[in-house]
Amino acid sequence: MNAFNEAIDVTVRLLTRLQQESDHPPRASRGALEHLRLTKSRTLAAVVDSSRAADSKAERLARLREQVAVCVLCPHLAASRTQTVFGVGHLEAELMFIGEAPGAEEDREGEPFVGRAGQLLTKIIGAMGFSREEIYIANVLKCRPDTPGKTAGNRPPTPAEMATCLRYLTKQIEIIQPRVLVALGATAVEGLLAIREPMGRLRGRWHSYRETPLMITYHPSYLLRNQSNTEKRKVWEDMLLVLERLERPISEKQRNYFR
Ligand code: URA
């Protein structure tokens, strides 16, 4: 691109000099010279714009991750966490799963959904025809909810903790711009939409979060507690709706899982 712009510079300089100094001015009108100059500035602007757009997602997400890593808005969580758990996946993900908060394993590893519930989520993602690397996974809360006085177990995040932390998830969604969001469980829904309703009434239909289509389904840890095919089938039906919305091919085998 530099060579192209230099060539235009040289051409404009030469034509201008010839026009000013020669007894036989070249047939380049003032308009043509102006057009050449404009071509150069437009090309330059397009190159600058496209390089900004190309690296800004990665840069903006990296800056947000740094901000989250030092966040102390919830001092009790900042004091108890091993590390923040930002999110994982593809910058261009079409699909983003949203859980509630990191558990003990996630706090240790710094990645969401790596424990038992995470293994089940990874299976669901695989059954949909995606890999974990192709989509994006994040939580409403970026810190593990503390459990003072306890050596094991997790607790759900409070509405106040989620309201404080939601700004980070909102920015993640703004940067990644997935086509579809999936909220896992009533607590994630409460964090996102500030509503508390039974899952039976929320799941299986489209909602939206700031204009991005949002599917609500059961949290994988619910499926670990309720291993019946009826409950698995409900989650799978919700995922089929997601695949249809993303215009992904659905095989007969996929349609008939849990039938
Ligand atoms: N449950 C969640 O909601 N998020 C995790 O990251 C792990 C378990």
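Since every read-out is calculated from the coordinates, none of them should be taken as a lab result. What you see is a predicted model; the values in this text were computed from it and never measured. All Cβ positions, even for glycine, are placed from backbone atoms using ideal geometry, and neighbour counts span all protein chains on display.
Which residue out of Pro220, Pro157 is in contact with a Phe, Trp or Tyr (Cβ under 9 Å, 6 or more places away or on another chain) and within 14 Å of the ligand (Cβ to nearest atom)? Outline the logic, then answer.
On the way: Pro157 fails: in contact with a Phe, Trp or Tyr (Cβ under 9 Å, 6 or more places away or on another chain).
Within the list Pro220, Pro157, the selection yields Pro220.
Between Met239, Met215, which is touching a strand residue (DSSP E or B) at 6+ places or on another chain (Cβ under 9 Å) and free of Cβ contacts under 8 Å to residues at least 60 places away in the same chain?
It is Met215.
For Leu77, indicate whether it is surrounded by 15 or more Cβ atoms within 10 Å (Cβ to Cβ) and away from the ligand (no atom under 13 Å from the Cβ). Lay out the reasoning, then the answer.
Working: surrounded by 15 or more Cβ atoms within 10 Å (Cβ to Cβ): yes; away from the ligand (no atom under 13 Å from the Cβ): yes.
When the stated conditions are applied, Leu77 passes them.
Pairs please, first residue from the stretch 102-130 and touching a residue at least 24 places away in the same chain (Cβ under 8 Å) and closer than 18 Å to Met239 by Cα, second anywhere and in a loop (DSSP other than H, G, I, E, B) and more than 8 Å from the ligand (Cβ to nearest atom), Cβ atoms under 8 Å, 6+ apart in sequence or on different chains.
Taking only residues 6 or more apart or on different chains, the pairs are Ile125/Ser131; Ile125/Arg132; Ile125/Ile135; Ala127/Tyr257; Met128/Arg248; Gly129/Arg248; Gly129/Pro249.
Restricting attention to the stretch 219-236, which residues are among the β-branched types (Val, Ile, Thr) and more than 25 Å from the chain's Cα centre (by Cα)?
Going through the stretch 219-236, the residues among the β-branched types (Val, Ile, Thr) turn out to be 230, 235.
The one that is among the β-branched types (Val, Ile, Thr) and more than 25 Å from the chain's Cα centre (by Cα): Thr230.
Hey, among Glu105, Glu111, Glu133, which residue is surrounded by fewer than 24 Cβ atoms within 10 Å (Cβ to Cβ) and not in a loop (DSSP other than H, G, I, E, B)? Explain how you work it out, then say what you get.
Details: Glu111 fails: not in a loop (DSSP other than H, G, I, E, B); Glu133 fails: not in a loop (DSSP other than H, G, I, E, B).
From the options Glu105, Glu111, Glu133, the qualifying one is Glu105.
Filter the stretch 64-74 down to residues that are without any contact (Cβ under 8 Å) to a residue 60 or more places away in the chain and either closer than 30 Å to Leu243 by Cα or within 16 Å of the ligand (Cβ to nearest atom) (or both), then give me how many there are. Quick ask: steps written out before the conclusion?
Start the filter on the stretch 64-74 by keeping residues that are without any contact (Cβ under 8 Å) to a residue 60 or more places away in the chain, which leaves 65-66, 69-70, 72.
From the residues that got through so far, the ones that are either closer than 30 Å to Leu243 by Cα or within 16 Å of the ligand (Cβ to nearest atom) (or both) too are 65.
Final tally of qualifying residues: 1.
Restricting to the stretch 117-132, what's the tally of residues that are under 17 Å from Glu106 (Cα atoms) and away from the ligand (no atom under 13 Å from the Cβ)?
Restricting attention to the stretch 117-132, the residues satisfying the condition of being under 17 Å from Glu106 (Cα atoms) are 117-122, 132.
The next check asks that each one be away from the ligand (no atom under 13 Å from the Cβ); those that pass are none.
So the count comes out to 0.
Considering only the stretch 85-106, I want to know if a residue exists there that is under 24 Å from Arg205 (Cβ atoms), more than 10 Å from the ligand (Cβ to nearest atom) and either in contact with a His (Cβ under 7 Å, 6 or more places away or on another chain) or hydroxyl-bearing (Ser, Thr, Tyr) (or both). Break it down stepwise before answering.
As a first pass, look at the stretch 85-106 and keep what is under 24 Å from Arg205 (Cβ atoms): 93-100.
Next, only the ones that are more than 10 Å from the ligand (Cβ to nearest atom) stay: 93-96.
From the residues that got through so far, the ones that are either in contact with a His (Cβ under 7 Å, 6 or more places away or on another chain) or hydroxyl-bearing (Ser, Thr, Tyr) (or both) too are none.
For the stretch 85-106, residues under 24 Å from Arg205 (Cβ atoms), more than 10 Å from the ligand (Cβ to nearest atom) and either in contact with a His (Cβ under 7 Å, 6 or more places away or on another chain) or hydroxyl-bearing (Ser, Thr, Tyr) (or both): absent.
Does Pro159 satisfy the condition of being farther than 22 Å from Ala62 by Cβ, of a type outside the set (Phe, Trp, Tyr) and touching a residue at least 40 places away in the same chain (Cβ under 8 Å)? Reasoning before the result, please.
On the way: farther than 22 Å from Ala62 by Cβ: yes; of a type outside the set (Phe, Trp, Tyr): yes; touching a residue at least 40 places away in the same chain (Cβ under 8 Å): no.
In short, no.
Consider Val180 against the criteria (1) under 26 Å from Glu211 (Cα atoms); (2) more than 17 Å from the chain's Cα centre (by Cα): it satisfies all of them except one. Which criterion is unmet?
Unmet condition: (2).
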